[in-house]
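Inspection log for the structure reproduced underneath, given as structure tokens.
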Amino acid sequence: MAKAQLYRMSMPKHLCPFGQKSLHLLKAKGYEVEDHELTTREATDAFMREHDVKTTPQTFIDGKRIGGYDDLRAHFDMKPAKPEGTTYEPVIAIFGMGLALAIAVTWVALGTFLAWQTIGWFISISMCLLALQKLRDVEGFTNGFLNYDLLAQKWVPYAYVYPWAEAIAGVLMTALLLTWISAPLALFIGTVGAVSVIKAVWIDKRELKCACVGGDSNVPLGFISLTENVMMAGMGLWMLVGLLL
């Protein structure tokens with residue numbers, strides 16, 4: 001069995017997560033691991049000075065230093081744990097969870113897995129999940145949102161109102177309550193958003209990050225952002241027409 005040496009921080013007040021991941025990865029790859037736990041700050045500093053490294057954990061295989069957790073993944077030809085650049089994974093996760101919850105609500109409320117209302121619940125629940133992402137870091141969201149939203153560029157407070165408006169509309173639409181508030185609200189913010197995205201991406205040809213899933217997003221502004229806004233506007237219009245008829 002191949003052997004590896006791992007040096008990782010394991011202190012009473014700090015158990016290094018990357019050290020634990022490195023240990024798990026080595027064992028999963030079939031290595032017999034000599035697990036050296038650095039249990040004090042002094043021991044950790046002494047190890048880093050001895051090997052001229054700035055971080056732990058550090059893995060050694062066949063006497064050769066591989067490096068930290070990311071270096072270890074690269075050694076095994078694995079993708080980075082946190083890929084750089086643009087990604088659609090956050091949006092896929094949110095819409096996937098929105099669909100799963102919509103199906104669950106449909107089953108509880110209607111006794112079937114799929115119905116026309118499932119579409120409405122999918123949109124409204126996805127709105128709630130997207131609003132939650134924005135509310136995690138409102139300042140970060142507004143920094144990205146102000147780059148392209150036409151109304152926010154004219155009136156900055158709208159950028160701060162937007163996440164709450166999306167959340168309120170989403171909750172009310174999920175509960176099928178106060179349609180006279182939720183439908184116009186969703187129609188308004190969805191329409192403004194759709195027009196803003198179309199102008200920024202397809203007219204001005206700007207390459208921007210979408211603020212739809214929060215301020216730290218690497219999701220590119222484009223089709224996904226437009227889809228979010230079109231769904232909101234469409235849902236609002238559908239409910240508003242149903243209310244008036």
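Residue check, SER124 against (1) open to solvent by 40 Å² or more (accessible area, probe 1.4 Å); (2) part of a helix (DSSP H, G or I), all met but one. Which one?
If we test SER124 against (1) open to solvent by 40 Å² or more (accessible area, probe 1.4 Å); (2) part of a helix (DSSP H, G or I), just (1) comes out false.
Can you tell me which of ALA109, ALA131 is assigned to a helix (DSSP H, G or I), touching a residue at least 12 places away in the same chain (Cβ under 8 Å) and not assigned by the TED database to the domain that holds GLY68? Give the derivation first.
Working: ALA109 fails: touching a residue at least 12 places away in the same chain (Cβ under 8 Å).
Result: ALA131 is the single residue among ALA109, ALA131 that is assigned to a helix (DSSP H, G or I), touching a residue at least 12 places away in the same chain (Cβ under 8 Å) and not assigned by the TED database to the domain that holds GLY68.
Residues of the stretch 202-228 being part of a helix (DSSP H, G or I) and either over 20 Å from GLN153 (Cβ atoms) or free of Cβ contacts under 8 Å to residues at least 40 places away in the same chain (or both), which ones? Give the steps one after another, and end with the answer.
Of the stretch 202-228, the ones part of a helix (DSSP H, G or I) are 202-203, 223-228.
Result: TRP202, ILE203, PHE223, ILE224, SER225, LEU226, THR227.
What is the number of the single condition among (1) in contact with a helix residue (DSSP H, G or I) (Cβ under 8 Å, 6 or more places away or on another chain); (2) within 18 Å of SER126 (Cα to Cα) that LEU151 does not meet?
If we test LEU151 against (1) in contact with a helix residue (DSSP H, G or I) (Cβ under 8 Å, 6 or more places away or on another chain); (2) within 18 Å of SER126 (Cα to Cα), just (2) comes out false.
Among the numbered criteria (1) within 20 Å of the chain's Cα centre (by Cα); (2) exposed (fewer than 14 other Cβ atoms within 10 Å of the Cβ); (3) closer than 23 Å to PRO184 by Cα, which single criterion is violated by ALA93?
With respect to (1) within 20 Å of the chain's Cα centre (by Cα); (2) exposed (fewer than 14 other Cβ atoms within 10 Å of the Cβ); (3) closer than 23 Å to PRO184 by Cα, ALA93 is out only on (3).
Within the stretch 69-90, track down each residue that is within 16 Å of GLU228 (Cα to Cα) and either in contact (Cβ under 8 Å) with a residue 12 or more places away in the chain or open to solvent by less than 60 Å² (accessible area, probe 1.4 Å) (or both). Write out each step before concluding.
Going through the stretch 69-90, the residues within 16 Å of GLU228 (Cα to Cα) turn out to be 88-90.
Scanning the stretch 69-90 gives TYR88, PRO90.
In the stretch 146-157, what count of residues is obtained for those that are open to solvent by 10 Å² or more (accessible area, probe 1.4 Å) and in a helix (DSSP H, G or I)?
Filtering the stretch 146-157 for residues open to solvent by 10 Å² or more (accessible area, probe 1.4 Å) gives 146-148, 150-151, 153-157.
Right, trim to in a helix (DSSP H, G or I) and you get 150-151, 153-154, 157.
The qualifying residues number 5.
The values are calculated or read from the model by the stated rules, or taken from the named source; none is laboratory data. This structure is a prediction, so every number in the text was calculated from the model and none was measured. Cβ coordinates were reconstructed from backbone atoms using ideal geometry, including for glycine residues, and neighbour counts include every protein chain displayed. What goes into the accessible areas is simple: the full protein's heavy atoms, side chains included, and nothing from ligands, DNA or RNA. Shrake-Rupley method; radii C 1.70, N 1.55, O 1.52, S 1.80 Å.
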